[in-house]
Amino acid sequence: MKPVLITRLMAMLLAFALAAAACSSDGAETTSADATDTTAAEESADDEAMEDDSDASDEAMEDDAMEEDGEAMEDDAMEEERHSDYPVTVMHDGGETTLEAQPMRIVSLSASATEMLFAIGAGDQVVAVDSFSNFPAEAPTTDLSGFEPSLEAIAAEDPDLVIISFDPGEIASGLEAIGVPTLVFGAAFNLEGVYAQIAEMGIATGHIDEAAQVNADIRAGIDEVVAGVDPDAEPVRIYHELDDTFFSASSNSFIGELYGLLGVENIADAADEEGFGFPQLSPEYLIEADPEVIVFTTQVGYTADDIAARPGWDAITAVSTGNLVQVDADIASRWGPRVVEFLEVVAAEVTKVSTSS
């Protein structure tokens, strides 16, 4: 090959090599730029994502804070409402007692008081009741005694109010010494006493309107029962037997007042000269008085057949006609919202006798 041709060929190869190197350099620069752009975009996206997460977190924290504030405000409002009508002064058999705040841990050692508390809507505030408080079913019955109350047992319930039907010793003063107010609501002597106790419990527990409604319902129920009795009918002779020693309830007692509303003749009245309310009668007295209806309770432990089998009692009209009515001891002995139920039972029997005469 000629030298000139060789020289030209080498020049061409060198030119191709330089061109290839230049293209390779441009491609690398382009790739590097693209990579840089991609990385920047990714970093920007990450930044935006982080910003979005941060915003979301901030919003969530803000929502949580608002929710907590709302709950706190609601709690404050409830607490304010609880204290808004207090202190209150309650009248009871033990005098006057001032309650600084609405009681939320009430202990009731009276079956009648327990029924009243639940009737007026204060059931959720009752944490313990005595062993005889069996109504309503949701009442938190315990082995606490209402007849022989134990200060230590009561205090163990951490009460902020205790209600008892009587104070056998130093229960009220003992509770007062540890800062627990005590209300004493003994057996009501009449219906007005029932209404007064319910009203005072409404004041004590923060259920004034509900207590007023319960009293209105009792009055309406009694009026309805009484309206069903014929006022022109001959008075039915009635004997309420408390036990087999023939103690009875005259018109001077709470239950006797209920009988009076029905226009009956209470055969115990003539024997209650001192107005005690619960005279003791004799079999001879009862046979001579000849009641047309005999009412006794489930508490006595005997039946109508046992009464009918008593010597000489077959001469009593109530026995010969089978008008011996056994009623639930709870509704017959408790001075509470269920007095209407007792009155309904007796009124039905009185009406039956009146219409059959």
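The values are calculated or read from the model by the stated rules, or taken from the named source; none is laboratory data. Nothing here was measured: the structure is a model prediction, and the numbers come from that model. Every residue, glycine among them, receives a Cβ derived from its backbone with ideal geometry; neighbour counts consider all protein chains shown.
Being surrounded by 23 or more Cβ atoms within 10 Å (Cβ to Cβ), in the same structural domain as residue 211 (by TED's automatic domain parsing) and at pLDDT 95 or above, is that true of even one residue in region 96-104? Checking region 96-104: at least one residue is surrounded by 23 or more Cβ atoms within 10 Å (Cβ to Cβ), in the same structural domain as residue 211 (by TED's automatic domain parsing) and at pLDDT 95 or above. Residue check: is residue 108 part of a helix (DSSP H, G or I), crowded, with 19+ Cβ neighbours inside 10 Å and modelled with pLDDT of 60 or more? For residue 108, the condition - part of a helix (DSSP H, G or I), crowded, with 19+ Cβ neighbours inside 10 Å and modelled with pLDDT of 60 or more - is not met.
Filtering region 146-173 down to residues that are under 20 Å from the mean Cα position of the chain (by Cα) and over 13 Å from residue 127 (Cβ atoms), which residue is surrounded by the most Cβ atoms within 10 Å (Cβ to Cβ)? It comes out as 164.
Looking at 185, 189, which one is closer than 22 Å to residue 255 by Cβ, within 19 Å of the chain's Cα centre (by Cα) and in contact (Cβ under 8 Å) with a residue 24 or more places away in the chain? Break it down into steps so the answer makes sense when it comes.
Details: 189 fails: within 19 Å of the chain's Cα centre (by Cα).
None of the other options fit; the residue is 185.
Checking each residue in region 230-245 for being surrounded by 17 or more Cβ atoms within 10 Å (Cβ to Cβ) and of a type outside the set (Lys, Arg) picks out 236, 238, 239, 240, 241, 242.
Out of the helices (runs of 4 or more DSSP H) lying entirely within region 246-357, which hold 2 or more residues that are aromatic (Phe, Trp, Tyr)? Give the derivation first.
Values: elements: 254-261, 283-289, 304-308, 317-320, 329-333, 339-356.
Because the criterion is at least 2 residues that are aromatic (Phe, Trp, Tyr), the helices (runs of 4 or more DSSP H) in region 246-357 that meet it are 254-261.
Residue-by-condition table, conditions (1) out of contact with any Phe, Trp or Tyr (no Cβ under 9 Å at 6 or more places or on another chain); (2) within 20 Å of residue 354 (Cα to Cα); (3) at pLDDT 95 or above:
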residue	(1), (2), (3)
262	yes, yes, yes
266	no, yes, yes
276	yes, no, no
281	no, no, yes
285	no, no, yes
289	no, yes, yes
296	no, yes, yes
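Assessment of region 318-331 against the conditions (over 30 Å from residue 117 (Cβ atoms) and in contact (Cβ under 8 Å) with a residue 40 or more places away in the chain) yields at least one matching residue.
Taking the criterion of being polar (S, T, N, Q) and either in contact with a strand residue (DSSP E or B) (Cβ under 9 Å, 6 or more places away or on another chain) or surrounded by fewer than 24 Cβ atoms within 10 Å (Cβ to Cβ) (or both), the residues of region 111-142 that qualify are 114, 125, 131, 133, 134, 141, 142. Per this entry, residue 283 is counted among residues that are over 30 Å from residue 133 (Cα atoms), surrounded by fewer than 19 Cβ atoms within 10 Å (Cβ to Cβ) and not β-branched (Val, Ile, Thr).
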